[in-house]
Every structure is written in structure tokens, then in C-alpha cells.
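S.K.: One structure follows; several queries about it will come next.
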Amino acid sequence: AHHRPFRVPHHRAGTYDWFVDRLYGSAATWGAQFPELTYVFGGNGKLERDAAERGHETPEGFLSCHVVERGRDWTRSVCGTFAILRFANCTNDYYGSKGPCCRNQESMRWVLNYRPHIKWYLFQDDDMYIRGPALVALLSRYDPDRAMSISG
């Protein structure tokens, strides 16, 4: 596992930090089972700017994000043991950051273009729990070189 067990710090009880409670929280629990974890967003990057400017308190200390890659319409930031992939062209409510259409399409295209060694691509919401070993066992039955889609 990448992280120590996640618990909201006592002095933060009753408060909510979306970045820590949702992103870091899922990375520290089910996400720790995967070799690479990337959250995908659309829009202008306010989340990462806030993290870079003030950080977020976690059980491991303050977590901030730093841009490590840039493309024409995307940025990839590293935030501790997970990454944030941001697509500037995903901006409106239907085909944008509030809906999965643009983020799913653009992140799949990004993986194909910039991470061709990746065997499997999983797109899901951050509050969906995944049992890593069970997913790996399921995927091991299939040929990663054969185009396919599994949905549920």
C-alpha cells in the first residue's frame, strides 16, 4: 500500500476538505491497490492551484500538487502518490467537467497517446469502491491487446 490508513485528523472533525476526504481518501484506501491512480477533471485547474498554493492536511502531512507534464489542452499534476489529469476543453455541463463524457473520451485518448504501455484503463467515479485483486483476476482472463469494453 502507498499510504498509511486514512482518518480525518481530530482537529478537522466536522469539517470537509473535498480534496483530502474524496481524492486522498480513495487513494489511501481502495486506490492503494493499484500501481498508478489518476483522477480526471475538466476546466481551469482551480483544484490544483489551491493545492499548490495552500496544500491540504493529510495524515502524512501537507499534500500539494505540482505540474509534471503539459500538452496543448491538458496538464498532469502529481499530488503525493496520485495524479490529476486536467483537460481544458472539458468545460460545460453536458460535455464537460460535470459529466463523464468529455473526461472519459479525453482520458482514454490520452492513455492511448501518452501511455501506450498501459494494459488496462478503468474510468470510474471517485466514490466507487474497487477490489483491486478481484479486478486483476477478472482482467487476467482477457487479452489486453484485443480491443474490448467491459461495463456494469
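S.K.: Separation between the MET108 and TRP18 pseudo-spin-labels, each 7 Å from Cα along Cα→Cβ, expressed in nm?
M.R.: 2.6 nm
S.K.: Test of understanding: what is the full-extension gain from CYS101 to PHE123, defined as 0.36 nm times their sequence separation minus their Cα-Cα distance?
M.R.: Gain in length upon complete extension: 6.8 nm.
S.K.: Please give the FRET efficiency for ASN44 paired with TYR142, using the beta carbon to beta carbon distance and R0 = 41 Å, rounded to the nearest 0.05.
M.R.: Between ASN44 and TYR142 the formula returns 0.65.
Throughout, read-outs are computed from the coordinates displayed, never taken from laboratory work. The shown structure was predicted, so the numbers you read here are calculated from the model rather than taken from an experiment. Cβ: placed from backbone, ideal geometry, glycine included. Neighbour counts: every protein chain shown.
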